[in-house]
């Protein structure tokens, strides 16, 4: 009787460990899941948001990754959509913006353009 209990206990533990190992495999890195869906400047927006809001963005990334994994969020997400999403959550993400002018096949900043005119 004691042997039978030990064997059953061992089998239950083995099944439980297999189940736990399966859960760990299912949990994927949120950054990797998001990189499959983010296009254009969305990754730049995400990185800027991480730098500006280090407490909130990891939770948002996990939630978005979960939505993508479950199939509730489909299709590509571009930078403008992600920026709008953060703004709706109350996070004003500021991006470094540069205006460049194409002149004779070269990209010049406004500063360079004004210096050339002088």
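Read the figures in this text as sums done on the coordinates, not as results from a lab. The model shown is predicted, which means the values in this text are computed figures rather than measured ones. Methodologically, a virtual Cβ is constructed for each residue, glycine included, from the backbone with ideal geometry; neighbour enumeration extends over all protein chains shown.
So for segment 70-118, considering every pair of alpha-carbon atoms, how many percent are separated by more than 18 Å? The partial results should precede the final answer.
Details: 677 of 1176 pairs.
Percentage above 18 Å: 58.
Determine the gain in length on full extension of the stretch residue 52-residue 92; use 0.36 nm per residue of separation and subtract their C-alpha separation, reporting nm with one decimal. List each step's numbers first, then the result.
Values: separation 40, 0.36 × 40 = 14.40 nm, distance 0.90 nm.
Once the chain is fully extended between residue 52 and residue 92, it gains 13.5 nm.
Would you mind ranking 20, 2, 28, 50 by Cβ crowding within 10 Å, fewest neighbours first?
Details: 20 9, 2 6, 28 12, 50 16.
By the 10 Å Cβ count, ascending, the order reads 2, 20, 28, 50.
So if R0 is 41 Å, what FRET efficiency would residue 10 and residue 31 give, r being the distance between their Cβ atoms, rounded to the nearest 0.05? Please list the in-between numbers first.
Values: r = 39 Å, r/R0 = 0.94.
Step by step, r from the Cβ atoms, then E = 0.60.
Helix-only mean residue ellipticity at 222 nm, the chain, DSSP H runs n ≥ 4 weighted -39,500 (n - 2.57), per residue, nearest 500. What is it? Walk me through the numbers on the way to the answer.
Numbers: 6 runs with 74 residues, N = 118.
Mean residue ellipticity at 222 nm (helix-derived): -19500 deg cm²/dmol.
Two decimals is fine: what is log10 I(q)/I(0) at q = 0.10 Å⁻¹ for the chain, from a Debye sum with one equal scatterer on every Cα and no solvent?
Debye curve over Cα of the chain, log10 I(q)/I(0) at q = 0.10 Å⁻¹: -0.54.
If I model a spin label at residue 72 and residue 106 as a point 7 Å from the Cα along the Cα→Cβ vector, what separation in nanometres do I get?
Calculated label separation equals 5.3 nm.
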